[in-house]
Amino acid sequence: MDCVKEQARNLPTHRTAYGGAVTTGRPVVTLTIIALCVAIYILQWVLPGVVQANLVYAPLYTAQIPGLPFEPWRMITAGFLHSTGLLLHIAFNMYALWIFGQHLEPLLGRLKFVALYLLSIWGGSVAVLLLGEINQGVVGASGGVFGLFTTLLIVQLQRKQDVRGILVLIGINIVISFFPGISWQAHIGGMVTGALAAAAIAFVPRGENQQRLQWAGLAGIAVLLVVLTWLGSSLVTLPQ
């Protein structure tokens, strides 16, 4: 048995062009994110106000103002909440996550997929911090989902494929982002961050240093978001 395990460890890992380990079966990370969002959505109904009050994000939660709570983790947790007043909100996000996730997760690899998704959510919150009002509360996986939109665009560009379809989809969703009640900041921030993260993955040439360079690029984006969060939080002021 030990010999079999040793031989299995020594077998080469087959990878996609983007460094993701070739896998078969269901997209585990995508399904896990969907299950987590649905579970939290149910909790929002069971414990109305409690879940949202502790996980929603608004710039006031990262403002460097004495007397205000400093809870930067809300920049991520808000991406797993959805509006209980509009079922279409979670339905659209989960559907889009499933459609894009089952294609991109095996292509990028599970760890890089979840890193890109979380960075996109964070980037959406950073845009809310920089461009929104101090009490502008946001919820929803849209930042992460919009990051997947631009990820597919970057992948298709890198492969020199027709991008007209995804450009139309992105254009339609940008327009929708400016409808009343929707945080255009989170959508645009997620798109930009997703594009940067996708570029850091897709344009690294294959080779023994591919993984290191990809993760270095993603780490660099995380550092950039830390800096923007700190700068943005220092600029937040209370309304007069």
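Separation of the stretch 52-75 and the stretch 137-202 by C-alpha centroid, Å?
25 Å
What percentage of all Cα-Cα pairs in the stretch 169-209 are separated by more than 13 Å?
Values: 503 of 820 pairs.
In whole percent, the long-distance tail amounts to 61.
Peptides 154-160, 77-83, 188-194: what's the order by average Cβ count within 10 Å, highest mean first?
Numbers: 154-160: 15.6, 77-83: 23.1, 188-194: 26.6.
Listed from highest to lowest mean packing, they are 188-194, 77-83, 154-160.
At a Förster radius of 35 Å, what calculated FRET efficiency corresponds to the Cβ-Cβ distance of Ile182 and Val223, to the nearest 0.05?
The computed FRET efficiency comes out at 0.75.
I'd like the chymotrypsin sites (Phe, Trp or Tyr not before Pro) in the stretch 164-240 restricted to DSSP loop residues with at most 16 other Cβ atoms within 10 Å, sorted by number. Before the final figure, lay out the partial values.
Values: sites: Phe178, Trp184, Phe203, Trp215, Trp230; in loops: Phe178, Phe203.
Here the sparse-neighbourhood loop sites are Phe178, Phe203.
Arranged from highest to lowest average of other beta-carbon atoms within 10 Å per residue, in what order do the peptides 109-118, 62-71, 126-135 appear?
Numbers: 109-118: 21.8, 62-71: 13.6, 126-135: 20.3.
Averaged packing, sorted descending, gives the order 109-118, 126-135, 62-71.
By how many degrees, between 0 and 90 and to the nearest 10, does the Cα long axis of helix 210-235 differ from the longest principal axis of the chain?
Taking the Cα atoms of the chain, the angle to 210-235 is about 10 degrees.
Compute the angle between helix 28-46 and the longest alpha-carbon principal axis of the chain, please, reported from 0 to 90 degrees and rounded to the nearest 10.
The angle comes out near 20 degrees.
Pop a pseudo-label 7 angstrom from the Cα along the beta-carbon direction at both Thr32 and Arg15 and give the gap in nm to one decimal.
Distance between the two pseudo-spin positions: 2.0 nm.
For the chain, restrict the atom set to alpha-carbon positions and state the Rg and Dmax in Å.
Radius of gyration, then largest Cα-Cα span, for the chain: 19.0, 72 Å.
Just grab the label-to-label distance for Arg164 and Phe203, each label 7 Å out from Cα along the Cβ direction, in nm (one decimal).
Label at Arg164, label at Phe203, 2.5 nm between them.
If you line up the long axis of helix 184-202 against the longest principal axis of the chain, both from Cα atoms, how many degrees apart are they, to the nearest 10?
For 184-202 against the chain, the angle is about 20 degrees.
If I stretch the segment between Ser234 and Gln102 completely, what's the gain in nm (0.36 nm per residue apart, minus their alpha carbon distance), one decimal? All intermediate terms of the calculation are to be shown ahead of the outcome.
Values: separation 132, 0.36 × 132 = 47.52 nm, distance 3.91 nm.
Contour length minus Cα-Cα distance gives 43.6 nm.
Given charges of +1 on the Cβ of Lys and Arg and -1 on the Cβ of Asp and Glu, with all other atoms neutral, how large is the dipole of the stretch 92-240 about its Cα centre, in debye to the nearest 20? The partial results should precede the final answer.
Details: 7 positive and 4 negative charges, 80 e Å.
Its charge dipole is roughly 380 debye.
On a full-extension model of 0.36 nm per residue, what is the gain between Ala216 and Gln136, subtracting their alpha-carbon distance, rounded to one decimal in nm? All intermediate terms of the calculation are to be shown ahead of the outcome.
Working: separation 80, 0.36 × 80 = 28.80 nm, distance 3.28 nm.
In short, 25.5 nm is gained.
Of Val51, Gln64, Gly19, which is farthest towards the positive pole of the chain's charge dipole, taken about the Cα centre with +1 and -1 on the beta-carbons of Lys, Arg and Asp, Glu respectively?
Of the options given, the answer is Gly19.
No lab work stands behind these numbers, since they all come straight from the coordinates. Remember, it's a predicted structure, so these values are computed and weren't measured experimentally. In this analysis, Cβ positions are derived from the backbone assuming ideal geometry, glycine residues included, and neighbour counts consider all displayed protein chains.
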